Each structure stands twice: as structure tokens, then as C-alpha cells.
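Inspection log for the structure reproduced underneath, given as C-alpha cells.
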Amino acid sequence: MAELTLDTLVIGFGKAGKTIAMARGAAGDRVAIIEQDPAMYGGTCINIACVPTKTLLFEAGRSRFEDARDRRNGFIAQLNAANTAMVDQQDVMIIDGRAELLDAHRVRVTGGDDELTITADTIIINTGSTPNMPDVPGVDSPRVVDFVQAQQFPARPDHLVIVGAGPIGLEFATMYAKFGARVTLLDAGERLLPDFDADIAAAVEAQLRAQGVTIVHDARADRFTDRQDGITVHFGDDVVTADHALVAIGRSPATAGLGAEAAGLTLGDGGAIVVDEHCHTGLGHVYAAGDVNGGPQYTYVSYDDHRVILSHRWGDGSRTTAGRLVQSTTFTDPPLSTVGPGEDEARRIVEGRGHTLDVRASDIADIAIMPRPKIVRQPAGRAKILVDREADRIVGATLYCVDSQELINFVTLAMRHGIPASAVGSGIYTHPSSTEVFNALLA
């Protein structure tokens, strides 16, 4: 068996891993990245998730699905190649194969009949996550797909059933409705978006229905049956038949076959590798970053994990994940973005301080000083900002409007650095711009 000795070894070509690899390569370390699939060079975000799906979402309503898919594929091939070149420039080796942890310093890599044992001072696990599939009859039908396969249909389906109404389900429902497909969304809950305030959830559901999406609540798929020209999804006593069924019920940390527990790591909920506030596993110099450590499944969180790890392993250890405030966006149309607690939890927190919660909310169409949504023909949505009146601080916000994926970063920055709500509200913003929502709600 061949052997290799390194300073730093990264398992998985994800956001945190590749960034650490390049940083340590530039610092003079002998570094390698193990990746089991060359099609994933660069990680989940650029190859199968954030970037390709947003490319399709942008093209939906502007192009035929088939043309949009081809553009997506060409663009992603360029990004994949660019990521390969970036790590090459830092003298980082890329090793194709599957990794299995042996202990705190050794990893076995297999590729076909070949085996390689790598010894490294530092190991970064950045294997990401994989789609969940229900354990029900018929789920192995070729017409039952995950979100990756749903980007590569030979032709746009006439009718797509989506099982699951989380962020992925809502994004694909929006996308395929805009491509002109008939979309049926099966939501297992009593109402859409149970973690959001009821007024926000109602606004999102109304907009999806206006875009042609059929939404069925209390619908949990329990069986799939192939038909000659489609797939039937069974949920309780009801059925719906479509060309394909997309299962979008979340993703779980990718630790299967990694040998994590045998090597001495602890696995938590859903198979996530348990880490501390430094993303450290407690075993030697072994760290876990991104989806695999059970944190929020966003590429920007993985990017911050890389900064935490660099700080702990090679810096002063001052950067941690403790108290990290993380915003999120679900890419419906308009996008739905949020940070901090919803109204009920915010009220409990603020009143617990003996303060008053101000709820600053409005439908987007009613905000006269914010014309941009009407200019771009998307006046739907609702904005809600929660303010501790006495402290003059933003406690949380949900923005369901044009450009909210940008606006929420501004709000998060204000919350993170204690910028007064009144200062945000009295800002001078360009016109017409979506940032004028802050003048409207916080002045």
C-alpha cells in the first residue's frame, strides 16, 4: 500500500476545505484535498446547489428549460475548472478517491483497486451533506428524483410533484412554475413555513398560488407507484400523478463510510460530527467544517467555519462559532429572508428585559417610498422588523421582497454590531432602491 505524509489534509472539496487548503498551501504546507467525485471539484455550492439552481431560477420565465439547463451546465463546468486551477496554483494536491479515517492522523484512500494511506498533522473534514429520501415503497423509481437530478431533466416536465415544502421544495416549486410546468407541492404540515410568523407564511403561500403552484397541506407521501407515463404519489387516502416526483425533505451530514466513530469521533443528530465552538472534534488536530458538523447548511457558514479553524489551529483562537448570528434566504420569487427570532419569541425576549417590542411591518405594495418592487413588476411580499423600543435595537427581521437576499445582510450587520434601529431608519439611501424599506419601517 502506498503512503503519503502531509502537513494538512482536507477531506471533501467544499467551501471551508478548499479555502483552508489554499491558505495553508500559500503558507508553505504540504497539502492535499481528497474528493470522491471530480464533478464536485469546488464543492456542493458551485456544482449542484446555490449557483446552478440560482442560474436556473434566473432563467426561468426568460428561457426554455432546456436552454437554461444547457447554460447552467456550461457555466458550472467553467466554475469547476476554475476551482481546480485555484487550488493547483497553491500547490495543493487533489486526490480522487473515498476517504476513511483510521485515527487522529491517518486516512485510508481507496480508488478502484488502489489504496493510499495518508498521514497528516491536521485533518479537515468537509464532506458536506446528502439528500434525505423517505423509506417508503417505490422511492427507488427512476421517476422519483432528488434536487440534483431535478436540474437535469431531458425536457421540462409538464407536471412536477414536489414532496416537501422546505427551502429546496419552495425554490424548485417557484422555478418550475416559472418555466411553465404544472407544480403540485405536498406539505406535511398544517401550514406552510411553520417556523415563520403566520402573516409571512400566508403572504408566501398566496404568492406561490398566484404563480400557479398547487399546495396541499397535511400531505405526507407514503408510497410511489410507477405508471407508463408518470409516477403516482400516494399520501393517505389521496393520490397525485405527475411526470416526476421531486423529494425535497432536507439533507443529512455526509458521514457514511467515513469511519468517524471507529477513529474516535462522536456523531450526533443525523450523523453530524460533534464539534466545539472552534469546529474542533476533540481528537488530535481533526476539525469538521460546513454541513458535516451539524451547523446551518449554508455555504457562507462553511466559509466562516474556515476562518474559525484557521484562527484556532494556526492563529490566536479568538474567532469562534459561539453566538454566531446567521441569516438565511429561501429563493422564492420574491426571495424570503430572515434573521433572528420571529415575533412571539422576540416578544418573550424583549419583555423579559422589561422592555417593549415594536413590530414594524407592512405589505410591500403599501410602501409608497419604496417604488423599486413596482418598477421590476414584483410588488408582492411583506416586510417585518422587530425592534426593542427602549434599547433602540433590531431584534429580528423577515423580509419577503425583491432584493431581500441583499437587505438581510445589512440587517444582520446592524444586529451584530449594535447599530441603533433609528440609525438604520434615518440612513440616506439611493432611490429607487430596496433599502428604502428601512426608511419606511424604522424612521
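The values are calculated or read from the model by the stated rules, or taken from the named source; none is laboratory data. All figures in this text were calculated on a predicted structure; none of them were measured in a lab. Using ideal geometry, Cβ is built from the backbone for each residue, glycine included, and neighbour counts are taken over all protein chains shown.
Here are a few things to note about the model shown:
Rundown of residues vs (1) closer than 16 Å to PRO134 by Cβ; (2) free of Cβ contacts under 8 Å to residues at least 40 places away in the same chain, yes/no style:
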{"residue": "VAL204", "(1), (2)": "no, no"}
{"residue": "ALA210", "(1), (2)": "no, no"}
{"residue": "VAL216", "(1), (2)": "no, yes"}
{"residue": "ARG220", "(1), (2)": "yes, yes"}
{"residue": "PHE224", "(1), (2)": "yes, no"}
{"residue": "ILE231", "(1), (2)": "yes, no"}
{"residue": "HIS234", "(1), (2)": "yes, yes"}
{"residue": "ASP238", "(1), (2)": "no, yes"}
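- Hits in region 246-280 - residues which are in a strand (DSSP E or B) and within 30 Å of VAL183 (Cβ to Cβ): LEU246, VAL247, ARG251, SER252, PRO253
- Figure legend. Inter-residue proximity from region 425-443: first residues within 26 Å of ARG377 (Cβ to Cβ), second residues of a type in the set (D, E, K, R) and in a loop (DSSP other than H, G, I, E, B), beta-carbon distance below 6 Å, spacing 6+ or different chains. Indicated pairs: SER434/ASP403.
- Count of residues meeting criterion [more than 15 Å from ARG313 (Cβ to Cβ) and either polar (S, T, N, Q) or in contact with a His (Cβ under 9 Å, 6 or more places away or on another chain) (or both)] in region 19-60: 5
- Selection within region 52-78 - buried (at least 18 other Cβ atoms within 10 Å of the Cβ) and not aromatic (Phe, Trp, Tyr): PRO52, THR53, THR55, LEU56, LEU57, GLU59, ALA60, ALA68, ARG69, ARG72, ILE76
- Hits in region 338-353 (condition: assigned to a loop (DSSP other than H, G, I, E, B) and either in contact with a helix residue (DSSP H, G or I) (Cβ under 9 Å, 6 or more places away or on another chain) or in contact (Cβ under 8 Å) with a residue 40 or more places away in the chain (or both)): GLY340, PRO341, GLY342
- Any chance ALA201 is assigned to a helix (DSSP H, G or I) and not polar (S, T, N, Q): yes
- Total residues in region 132-145 satisfying the condition of being touching a Lys or Arg at 6+ places or on another chain (Cβ under 9 Å) and buried (at least 18 other Cβ atoms within 10 Å of the Cβ): the figure is 2.
- Residue tally, condition hydrophobic (A, V, I, L, M, F, W, C) and surrounded by 21 or more Cβ atoms within 10 Å (Cβ to Cβ), over region 332-358: 4
- Flag for LEU9 being in a strand (DSSP E or B), crowded, with 20+ Cβ neighbours inside 10 Å and not polar (S, T, N, Q): yes
- Cβ-Cβ contacts under 6 Å between residues 6 or more apart (or on different chains), taken from a first residue in region 130-146 that is free of Cβ contacts under 8 Å to residues at least 24 places away in the same chain and under 11 Å from VAL163 (Cβ atoms) to a second residue that is of a type in the set (Phe, Trp, Tyr) and in a loop (DSSP other than H, G, I, E, B), are absent.
- Complete set of residues in region 19-37 that are buried (at least 21 other Cβ atoms within 10 Å of the Cβ) and under 16 Å from ASP96 (Cα atoms): ALA21, VAL31, ALA32, ILE33, ILE34, GLU35
- Those residues of region 9-48 which are hydroxyl-bearing (Ser, Thr, Tyr) and in contact with a Ser or Thr (Cβ under 8 Å, 6 or more places away or on another chain), in sequence order: TYR41, THR44
- Filter pass, ALA263 being surrounded by fewer than 21 Cβ atoms within 10 Å (Cβ to Cβ) and in contact with a Leu (Cβ under 7 Å, 6 or more places away or on another chain): yes
- Residue in region 91-102 that is under 20 Å from ASP222 (Cα atoms), touching a residue at least 40 places away in the same chain (Cβ under 8 Å) and surrounded by fewer than 18 Cβ atoms within 10 Å (Cβ to Cβ) present: no
- Residue within region 75-89 that is of a type in the set (A, V, I, L, M), touching a strand residue (DSSP E or B) at 6+ places or on another chain (Cβ under 7 Å), under 30 Å from ALA26 (Cβ atoms) and in a helix (DSSP H, G or I) present: yes
- Selection count where residues are assigned to a helix (DSSP H, G or I), of a type in the set (Gly, Ala, Ser) and touching a residue at least 60 places away in the same chain (Cβ under 8 Å), scope region 306-337: 0
- Of the helices (runs of 4 or more DSSP H) that lie entirely inside region 354-443, those containing 1 or more residues that are more than 22 Å from GLN207 (Cβ to Cβ) and outside the structural domain of TYR300 (by TED's automatic domain parsing) span 404-416, 421-425, 436-442.
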